[in-house]
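Some notes on the structure that comes next.
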Amino acid sequence: MKACVLFETGPPENLKVVEIKDPPPPGPEEVLIEVKASAIDGHDLVERDGTMTRGGSAIALANAREHEVRENGSWVRRRCLILGHEVAGIVRAVGPGVTRHRVGDRVAPSGGSHCGVCDNCQTGLAVRCSDSVPMVSEGYAELCLAPERSVMRIPDGVGFAEASIVRCAIGTPLRGIYLEGKEPKSHDNILVLGAGGGLGIHSLQLAALTGGRVIASTTTESKVPILRQYGADDVICSPDGRFHEQVMELTDGHGADYVIDTVGGSTFNAGGFRALAYYGRYVFVGQINNEYARFPVPWLFWREAVLTGCTGGMYADTLRSLRLMEAGRIEAVISERFPIEDTPKMHRLLQDRQIVGRSVISFE
């Protein structure tokens with residue numbers, strides 16, 4: 001099968017489209033998926049370039065495994081990584097013990113890697129599930145294996161490309177915004193940082209559903225009218241990444257009651273933290289650089305503000321996101337659909353902030 005693989009971390013050009021052997025038959029409680037769409041997100045970029053590390057080693061290399069790759073007409077075992085966790089496709093085979101899916105089902109990531117029955121799941125701590133399974137991975141390929149618990153059926157009327165991004169690009173900010181019932185209210189100022197990206201543009205739409213005043217921040221001038229189209233009442237374009245003074249001006253010195261940060265340390269330090277209002281809530285839903293967030297602790301407790309974060313969308317978040325999409329209340333924003341051969345090029349464009357929403361590898 002055709003796949004886009006990474007032999008070592010580095011620039012987009014390190015991604016290589018090669019032929020590798022098909023996966024083995026699915027094991028217990030696994031399904032084999034014929035991939036129809038696989039989206040690229042910021043997490044893929046920081047894995048690919050080595051920004052994300054664990055124990056001093058790039059996570060991408062730590063997660064690499066051996067595949068049989070065709071080179072010069074022969075099959076050679078090489079250690080490499082296949083990125084891609086935003087995957088949608090058709091179940092082509094099921095392993096022993098699979099009960100939720102059948103051959104022919106259209107599926108996409110569910111966020112349901114937790115078991116739902118252990119003590120942690122039963123007490124609201126599903127992110128610490130004692131029997132979780134790996135999420136879908138290796139989507140930059142024509143076929144991939146996945147635990148059946150990690151995928152769900154795609155509703156009729158939702159395309160593969162749109163379904164591939166629901167769990168991460170929509171379910172994640174939805175979880176962050178509504179975490180612990182602390183969602184914004186209609187009188188709140190809501191600031192979305194990195195608003196033109198995949199998480200950001202869907203965060204805008206979700207924030208607009210609350211009825212609050214939505215302020216978008218971007219570093220790219222060409223994205224300004226698009227952000228207004230998707231729910232921003234005001235847009236701050238700051239090429240140097242500094243924006244808190246404009247937020248204060250727009251809010252008459254009040255600041256943002258709710259900040260949704262899809263970028264991480266760099267936007268937090270550049271103005272996100274200083275734009276936060278008294279009793280404000282700052283939610284991290286993404287980290288696409290290696291800059292740590294820094295702040296003076298007294299500034300936090302003087303304002304009695306809250307800093308928090310969220311994991312990716314879980315099953316309930318994905319299901320709610322799909323229902324919002326079916327009802328026409330939110331749109332999956334996909335600006336580019338491209339063949340797998342263009343994956344390095346699309347990584348470069350996303351890295352250079354030239355992509356609005358998501359770009360998706362299409363195998364259809």
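The values are calculated or read from the model by the stated rules, or taken from the named source; none is laboratory data. What you are looking at is a predicted structure, and each value in this text was computed from that prediction instead of being measured. We place every Cβ from the backbone using ideal geometry, glycine too, and count neighbours over all the protein chains shown. We work out accessible area using only protein heavy atoms, side chains counted, and drop any ligands, DNA or RNA first. Shrake-Rupley method; radii C 1.70, N 1.55, O 1.52, S 1.80 Å.
Each semi-axis of the equivalent ellipsoid for the range 304-364 is √(5λ) with λ an eigenvalue of the Cα gyration tensor; in descending order they amount to 27, 19, 11 Å.
Think of a 1.4 Å ball rolled over the protein heavy atoms: the chain then has 44 Å² of accessible area per residue. Where only DSSP H runs of four or more residues are counted, the chain gives -6000 deg cm²/dmol as its mean residue ellipticity at 222 nm, each run worth -39500 (n - 2.57). For the range 90-119, trypsin sites (Lys or Arg not before Pro) are listed when DSSP marks them as loop and at most 13 other Cβ atoms sit within 10 Å of their Cβ; the list is R102. Translational diffusion of the range 244-302 was estimated from the Stokes-Einstein equation, with Rh taken as the Kirkwood radius over Cα pairs; at 25 °C and 0.890 mPa s the coefficient is 211 µm²/s. Taking every lysine pair in the chain that is 8 or more places apart or spans two chains, those with Cα atoms closer than 25 Å amount to 10. Between the Cα long axis of helix 315-326 and the first principal axis of the chain there is an angle of about 80°, rounded to the nearest 10. The eigenvalues of the Cα gyration tensor, multiplied by 5 and square-rooted, give the range 1-48 an equivalent ellipsoid with semi-axes of 24, 14, 11 Å from largest to smallest. Only protein atoms count toward the accessible area here, which uses a 1.4 Å probe; on the range 71-128, the carbon and sulfur part of that area reaches 46 percent.
Which values of log₁₀ I(q)/I(0), to two decimal places, follow from the Debye formula for the chain at q = 0.14, 0.15 Å⁻¹ with a uniform point scatterer at every Cα? Debye intensities relative to I(0), on a log10 scale: -1.18, -1.33. For the range 281-325, with all protein chains in place and a probe radius of 1.4 Å, 59% of the accessible heavy-atom surface sits on carbon or sulfur.
With bins 10 Å wide beginning at 0, the percent of Cα pairs of the range 1-137 falling in each bin runs 11, 32, 37, 18, 2, 0. Plainly put, the range 97-229 has a radius of gyration that is 1.03 times its Kirkwood radius, both from alpha-carbon atoms, as the Rg/Rh ratio. Ordered from largest to smallest accessible area (heavy atoms of protein chains, 1.4 Å probe), the residues D49, D257 come out as D49, D257. The fraction of all Cα pairs in the range 242-364 landing in successive 5 Å bins from 0 to the largest distance is 2, 9, 14, 16, 16, 16, 14, 8, 4, 2, 0, given as whole percents. Kirkwood radius for the range 155-221, taken over all pairs of different Cα atoms as the inverse mean of 1/r, rounds to 12.7 Å.
Ranked by the mean number of other Cβ atoms within 10 Å per residue, highest first, peptides 213-222, 334-343, 16-25 order as 213-222, 334-343, 16-25. Debye-formula intensities of the range 165-279, expressed as log10 I(q)/I(0) at q = 0.20 Å⁻¹, are -1.03 (one equal scatterer per alpha-carbon, no solvent). What number, in percent, do you get for the relative contact order of the chain if the mean sequence gap of Cα pairs under 8 Å and at least 6 apart is divided by its residue count? Over the chain, the number comes to 19 percent. Beta bridges assigned by DSSP with both partners in the chain are antiparallel in approximately 60 percent of cases.
Take the Cβ atoms of K345 and Y292, set R0 to 30 Å, and the FRET efficiency comes out at 0.45.
Net charge dipole, the range 167-237: roughly 160 debye, given to the nearest 20, about the Cα centre with Cβ charges of +1 for Lys and Arg and -1 for Asp and Glu. Expressed in Å, the radius of gyration and Dmax of the Cα atoms of the range 57-156 are 16.2, 55. Centroid-to-centroid, using Cα positions, the range 311-364 and the range 229-254 are 25 Å apart.
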